[in-house]
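This report refers to the structure that appears directly beneath it.
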Amino acid sequence: HRSNVPLANRLTVIIEIIFSVGFVLQLLVWLSVVGVEFDQKWLWLGALLTVGMTLYSVLTRARFIGLFSQVYLLVSCWVMFKICIEPNPKQYATLTLIPIATMYLMNLGIPIAIARIGLVPKIIHAMVDWVQLAYRIIAAALGLLWIHSFVPDDWQVLVFILVGVAFFAVQCLRSGREWEWAALVYALVGYCTLIIEFTGKIASWESLLAIAVLFGVQQLARRRGNEVKVPDGVHKWLILVGGTLLFTWLSIKVSVPGDHSLHTIAWTVLGVCYFGTGLGLKERWYRLMGLGTLAIALVSLVPIIWQMEPEMKIASFFVMGLVFIGLGFVYTRFKDKIKKLL
């Protein structure tokens, strides 16, 4: 008699699964029969059905109905994908956010629902874990698609970066490797978009804000080292990448055909700012980056001097030689203090 108990429990679970799948598919077929096409209506209808049936499963403890009802949300996501790849999807910008928001809502609500239902088999726990992970990955991918489809080109870089920062903040609050990967993917897409803008000689203030966000995140991670574990090598790369991007942005912004003098002035000011920031923040790589930028500014004088009259050219190179001799003397005289400063 006891040996038949596990078999009876398994049969009960199998029957419940069959009826739950049948109910979910029957409702899906009925909607199709009554004329509900797979168009923009499913953006809100699929999300509504999923949330509603999940709440129903919590109240009635119909565990498998809640699990299989997620298919409606997946249909909603598929409809969103089709709309986003259409030529002119702008009119559906708000509606297409519903599947993404619902996925994050379900990701937070599923553990609460499981706890409320109680006595959930291990197989459902394993499936729910995979569903949550899949939801986070799909929602992040759809978010990239949404930004590309609906955000104006000038704002895309900044929005990509800000969403990446939001994922980074979530990772600090809710540990999970997928949050880190989402933050990294959004940041990479954002800065790759920025590089594409640079190749087109575009330097907008929105992209400048995106670069400033990179410096801000680096400093925030540095100041909260006890809570955010970021290797020192990552800090160096963040500073170097941010500095290179800002250098490129400034070079494009002050670029005037046939006149390179503004480049020299801008690079000099930028180098001084880097060095001063390094002293204030006690960041060695800011100071090194400042010296490197000043060196580039100094070298950029050579083409300008080369176009001068012979007498001015000789005088200019003589002055530059005196400057280098002076720098060598200062370095030899105060070598220990300079090494400590750098």
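For this structure, a couple of remarks:
- Taken over the range 149-167, the residue count meeting the criterion of being surrounded by fewer than 21 Cβ atoms within 10 Å (Cβ to Cβ) and touching a residue at least 40 places away in the same chain (Cβ under 8 Å) is 6.
- Residue within the range 71-84 that is surrounded by fewer than 20 Cβ atoms within 10 Å (Cβ to Cβ), within 20 Å of residue 14 (Cβ to Cβ) and at pLDDT 80 or above present: yes
- Residue in the range 103-117 that is touching a His at 6+ places or on another chain (Cβ under 8 Å), at pLDDT below 85 and part of a helix (DSSP H, G or I) present: yes
- Restricted to the range 31-59, and to residues there that are of a type in the set (S, T, N, Q) and touching a residue at least 12 places away in the same chain (Cβ under 8 Å), the residue that is farthest from residue 78 (Cα to Cα) is 57.
- Cβ separations smaller than 7 Å between residues 6+ apart or across chains give the following pairs from the range 206-233 residues that are modelled with pLDDT under 85 to residues that are surrounded by 12 or more Cβ atoms within 10 Å (Cβ to Cβ) and in a loop (DSSP other than H, G, I, E, B): 221/228; 221/230.
- Out of 36, 79, 71, one residue alone is among the β-branched types (Val, Ile, Thr), in a helix (DSSP H, G or I) and more than 25 Å from residue 151 (Cβ to Cβ). It is 71.
- Leading residue by the ranking (surrounded by the most Cβ atoms within 10 Å (Cβ to Cβ)) among those in the range 282-299 that are more than 11 Å from residue 268 (Cα to Cα) and touching a residue at least 40 places away in the same chain (Cβ under 8 Å): 289
- Test: residue in the range 43-65 that is polar (S, T, N, Q), assigned to a helix (DSSP H, G or I) and loosely packed, with under 14 Cβ neighbours inside 10 Å: yes
The values are calculated or read from the model by the stated rules, or taken from the named source; none is laboratory data. Values in this document were obtained by computation on a predicted structure and should not be read as measured data. As a convention, Cβ positions derive from the backbone with ideal geometry for all residues, glycine included, and neighbour counts pool all protein chains shown.
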